Amino acid sequence: MTETAHTTIHRHDYRPPDYTVESVDLRFELGEDTTLVRSRLALRAAYDRSGGERPLVLDGHRFVLRSLSLDGTPLAPEAFQVSAETLVVPSVPASFTLEVETELRPQDNTFLEGLYRSNGMFCTQCEAQGFRSITYYPDRPDVLSIFTVTVVADRERYPVLLSNGNPLDRGELPDGRHFITWHDPFRKPSYLFALVAGRLACIEDSFTTCSGREVSLRLYLQEANRNKGGHALRSLKKAMRWDEETFGREYDLDCYMIVAVDDFNMGAMENKGLNIFNSCYVLATPETATDTDYQAIEEVIGHEYFHNWSGNRVTCRDWFQLSLKEGLTIFRDQEFSADMESRGVKRIADVRYLRTAQFAEDGGPLAHPVRPESYMEINNFYTATVYNKGGELIRMLRTLLGAERFRKGMDLYFERHDGQAVTIEDFVQAMADASNMDLGQFRLWYSQAGTPLMEASSSFEAADGVFTLTVRQSCPPTPGQPDKQPFHIPLVVGLLDRAGRELPVTLFGEPAPGPTTRILEVNRAEQTFHFSGLDSEPVPALLRGYSAPVKLDYPYRPDDLVLLMAHETDPFCRWEAGQQLAAQVILSLVADQQAGRELKPDQAFVAAYRAALTSGEPDRAFLAEALTLPSEKYLAELMPVIDPEAIHIARRFMIHTLATQLRSDFLAVREACRSALPYGVDDGRSGERRLANLCLAYLMSLEEQAITELCIQQYRTSDNMTDTMGALGPLASCDCPERSQVLEDFYRHWQGDRLVVDKWFSLRALSDLPGTLDDARALIGHPAFELANPNRFRALVGAFSQNQPHFHAPDGAGYRFLVDQLLRLIPLNPQVSARLLAPLTTWRRFEPGRQALMQQELRRIQALPQLPRDVYEVVEKSL
Ligand code: PHE
Ligand code: ZN
């Protein structure tokens, strides 16, 4: 039975639960054929019964109901009603026990929601609403309860039996089965419930908290991967220490468990005391994982750990408040990573992601505020808007309040709401109370969708040394929100003189000299700021640290940008200047390409680029960021009508131009960055590797035999996946005879390692070469392709849909390929299918030909009988 009722849920319809669950006892009997779940709920009416009795309504679906009894007496069939998604008991006492027995088939559960099997193990995924496919329950985050869970399974096949909290009891059963009972002393909503059973290896460590309690740390994985969990465990300990030092947050249980599973819809899940992770965010060795993989693991481990306070101890009242935990936790993990790595480089990476993924959402048919007003399927709202823009809002609060008052606000929030299910409003209120600031206007960031545009202009009065900055803000209409009110925006600015020196930023009428950086509070549609005490016209550094998630438009001249590239102190602004310069040049090449004009190198840009390349900038990772041209996706964001072909050609032309003119510089920088020392995970050389591989990628665009040989040599001699991929990426796009040999060799060598095979699929799907679509089609038939494994599907089909020129092939073949594959995936996994539809939903941004082709493909999906809710919502809203 699938659910095809497509109702919309509105934030304003929120009502507190009628019945709360005092405690819940679960007993799972895991079987190869059927799994039995017995649940005993202690329920209590939470409303005033003098106004009449209300029915008990529990959520549940996708299982067989075996029995139902109330206070020990089986319920007669006429005493309850079962519908597609609920159980209703019209008349119940004020306080009672309900026992429910359900029968499940986890081995057939391809949705990967609720209880399912992955690689011979049982595991669960209950956020957002997976618990209701295990048993009947008030499956909503504001019903918190104490869970006691007994897991029973065959001792041989499932020696490891886990659930949340601490083990209470264990024992053998006569039939070869055994059991363990777990008890979680913290009240929690059902979405944080977890269970795992399997034959798993365990690596252990321990952590002593700031108050001296010893916590046992356990990481469970497949025996074959036993050597791949060290980095994740080390990251966990770093995260635990960091949260104590930065936010005063201490861990609260005696053990912390992490389990790696191969089949997982998302990245990882913060279940109380028992995190379940997509194995791609756990497993790493130097031979199998890149530097970027290592960093992502550290960040996701941190993210799930930080949820223990921002999400678990204080949770969400309802799913409209999702950003309460996700935005806040993204902010916390970004800060953690910034402290572990290079802060500036981390900020740039986060901005890059926001400006591609999130801006596209804000500009498309599914645009929604950080706190949405309505949804059909909550799974569709785990978005870059809720997560990453939500994180930016927290960052802006910190900027506006200052670090100290922000920390006071965080402390107040945790103290005030510990053990509660609360709203975003409660969070903002804690910030306002702790700082005595009026955050009334700031709250609009949570309710208005769309990316604000800030148009700045300036003038200089040489006679009195006053520089005037005028800022206008506006926000384009988004679905359901034609008009927007002005936002409260922290605009962090600095001023540079023509020699690149930082000047004091003195607001007119204030005592001079002011600080060299300052926060302007923009809160009206148009505002003017006057800066005094200036001898000559300064170059403004605007939006330092990317202080607000906006698009900024300021008429910089190319020489202003060159000056900022060389001298600006804020890494984001320094990087951004280079990106703007490059974007200006590439977009003018795009126009030439569209007009059929010959493409010509821009010598001023080449000179600026050479200066950066040979600058000896000590932060090599920063330099690599600075030397990376804006992505095709970001360039697309900047165009009124996206022309993927012209963007691709223009950007390739730039790369080729730079490689041709700076060939020896690229070779020299690469050489200087390479090391004879063996690879070390924390050897502090990831920036060098990144820069060296960037140089190689540029050089490979020359399609020169000597360079290809260099690349192949790097592949053959590499002792780590970073350099291996650094060579393979460019080779995959190189039309040379060695290409297929090397790709074959890589596959043969790594076919036993799922995560590396995923990389191999992606490499091929992301290739520039003309035959890429045919290759992708052929790979669907490859024995290693697995439709039902989300990582594998994303590695091939998801990656292909990110390949701008091929996905957007003018004849629509790329779109058709995506939809052909989604039509197969939808019945198996609607949640992942709906997410992978995103690239088609932006059809309005293209020219009429592509628009029609994209819509046509969306309609093929729309025509399916019984469209699952997840997919229905995306298709309906985007057509
Ligand atoms: N709550 C998880 C996180 O952000 C994400 C997630 C959502 C995972 C839904 C699985 C299902 O860490
Ligand atoms: Zn999260």
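Just so it is clear, none of the values below were taken in a lab; they were calculated from the coordinates. Since the model is a prediction, treat every value here as computed from it, not as a measurement. Cβ atoms come from the backbone with ideal geometry, glycine included; neighbour counts cover every protein chain shown.
Pop the C-beta distance of Ala462 and Asp411 into the FRET formula with R0 = 56 Å and round what comes out to the nearest 0.05.
Calculated value: 0.70.
Based on the Cβ-Cβ distance of Glu245 and Asn119, what FRET efficiency does E = 1/(1 + (r/R0)^6) give at R0 = 30 Å, to the nearest 0.05?
0.20
With unit charges on the beta carbons (Lys and Arg positive, Asp and Glu negative) and the dipole taken about the Cα centre of the range 444-597, which residue among Gln593, Gln481, Leu491 sits farthest to the positive side?
Result: Gln481.
Can you give me the distance in nm between label points at Leu677 and Gln420, each placed 7 Å from the Cα along the Cα-to-Cβ direction?
5.2 nm
Along the Cα-to-Cβ line of Ile9, 7 Å from the Cα, sits a label point; which residues in the range 185-202 have backbone N less than 15 Å from it?
189-192
Out of the DSSP beta bridges found with both residues in the chain, what percent are antiparallel (nearest 5)?
In the chain, approximately 80 percent of DSSP beta bridges are antiparallel ones.
Students often check this: by mean Cβ neighbours within 10 Å, which of 475-488, 624-637 ranks highest, and how do the rest follow?
Highest-to-lowest ranking by the protection proxy: 624-637, 475-488.
Compute the distance in nm between two label points, each set 7 Å from the Cα along the Cα-to-Cβ direction, one at Asp535 and one at Glu156.
8.7 nm
So what J values fall out for the range 407-420 if you push phi through Karplus, 6.51 cos²θ - 1.76 cosθ + 1.60 with θ = phi - 60°, rounded to Hz, Gly and Pro as x?
These are the phi-based 3J(HN,Hα) values: 4, 4, x, 4, 4, 5, 4, 5, 5, 5, 10, 4, x, 10 Hz.
Using 7 Å Cα-to-Cβ label points, what is the Ser91/Leu787 separation (nm, one decimal)?
A separation of 5.0 nm, rounded to one decimal place.
Distance between the C-alpha centers of the range 523-559 and the range 198-259? Whole Å please.
Using only Cα atoms, the two centres lie 45 Å from each other.
Compute the long axis of helix 738-750 from its Cα atoms, compare it with the longest principal axis of the Cα atoms of the chain, and write down the angle in degrees, 0 to 90, nearest 10.
30 degrees
I'd like the projected area of the range 733-792, averaged over all directions, using the convex hull of its alpha carbons. Report it in nm² with one decimal.
Directional mean of the projected Cα hull area for the range 733-792 stands at 4.0 nm².
Using modelled amide H (1.01 Å from N, peptide plane; none on Pro or chain starts), what sits under 5 Å from the amide H of Leu195, excluding residues fewer than 5 places away?
Hits under the 5 Å cutoff: Thr124.
Report the FRET efficiency, 1/(1 + (r/R0)^6), for Asp745 and Leu879, where r is their Cβ-Cβ distance and R0 is 51 Å, rounded to 0.05.
For R0 = 51 Å, the calculated efficiency reads 0.70.
Shape verdict for the range 129-262, please, from the Cα gyration tensor: rounded (a/c under 1.5), prolate (a/b greater than b/c) or oblate.
Oblate, since a/c reaches 1.5 and b/c is not below a/b.
Percent of Cα-Cα pairs more than 22 Å apart in the range 1-198, please.
Summing the P(r) tail past 22 Å for the range 1-198 gives 48 percent.
From the phi angles alone, apply the Karplus equation (6.51, -1.76, 1.60; θ = phi - 60°) to the range 598-607 and give each ³J(HN,Hα) in whole Hz, x where the residue is Gly or Pro.
5, 7, 10, x, 9, 5, 5, 5, 4, 5
Could you give the angle, 0 to 90 degrees to the nearest 10, between helix 848-862's Cα long axis and the longest principal axis of the Cα atoms of the chain?
10 degrees
Using modelled amide H (1.01 Å from N, peptide plane; none on Pro or chain starts), what sits under 5 Å from the amide H of Gly130, excluding residues fewer than 5 places away?
Answer set, sorted by chain and number: Gly114.
Once a ≥ b ≥ c are taken as the square roots of the eigenvalues of the Cα gyration tensor of the range 706-815, is the result rounded (a/c under 1.5), prolate (a/b larger than b/c) or oblate (a/b not larger than b/c)?
Judged from the Cα gyration tensor, the range 706-815 comes out oblate (a/c at least 1.5, b/c at or above a/b).
Quick one: Debye curve from the alpha-carbon atoms of the range 578-673 only, equal weights, vacuum; give me log10 I(q)/I(0) at q = 0.15, 0.20 Å⁻¹ to two decimals.
Evaluating at q = 0.15, 0.20 Å⁻¹ gives log10 I(q)/I(0) of -0.59, -0.97.
Using Cα centres only, tell me the gap between the range 262-314 and the range 364-405 in whole Å.
After rounding, the separation between the Cα centres reads 21 Å.
With θ taken as phi - 60° and the coefficients 6.51, -1.76 and 1.60, list the Karplus ³J(HN,Hα) couplings across the range 512-521 in order, rounded to whole Hz; mark glycine and proline as x.
Those phi angles translate into 8, x, x, x, 7, 9, 8, 9, 8, 9 Hz.
Would you mind working out the magnitude of the charge dipole of the chain relative to its Cα centre, with +1 at each Lys and Arg C-beta and -1 at each Asp and Glu C-beta, to the nearest 20 Debye?
400 debye
Considering only DSSP beta bridges whose two residues both sit in the range 1-198, what percent are antiparallel, to the nearest 5?
Given both bridge residues lie in the range 1-198, the antiparallel proportion sits at roughly 90 percent.
Using the per-residue mean of other Cβ atoms lying within 10 Å as a proxy for protection, in what order, highest first, do the peptides 30-39, 96-105, 168-177 fall?
96-105, 30-39, 168-177
5 Å is the cut-off here: which amide hydrogens, built 1.01 Å from N in the peptide plane, fall below it relative to Ser374, excluding neighbours closer than 5 in sequence?
Arg11
How big is the Kirkwood radius of the range 752-878, worked out from every pair of different alpha carbons and given in Å to one decimal?
By the Kirkwood definition, the hydrodynamic radius is 14.7 Å.
Counting each pair of different Cα atoms once, what's the Kirkwood radius of the chain in Å, rounded to one decimal?
29.1 Å
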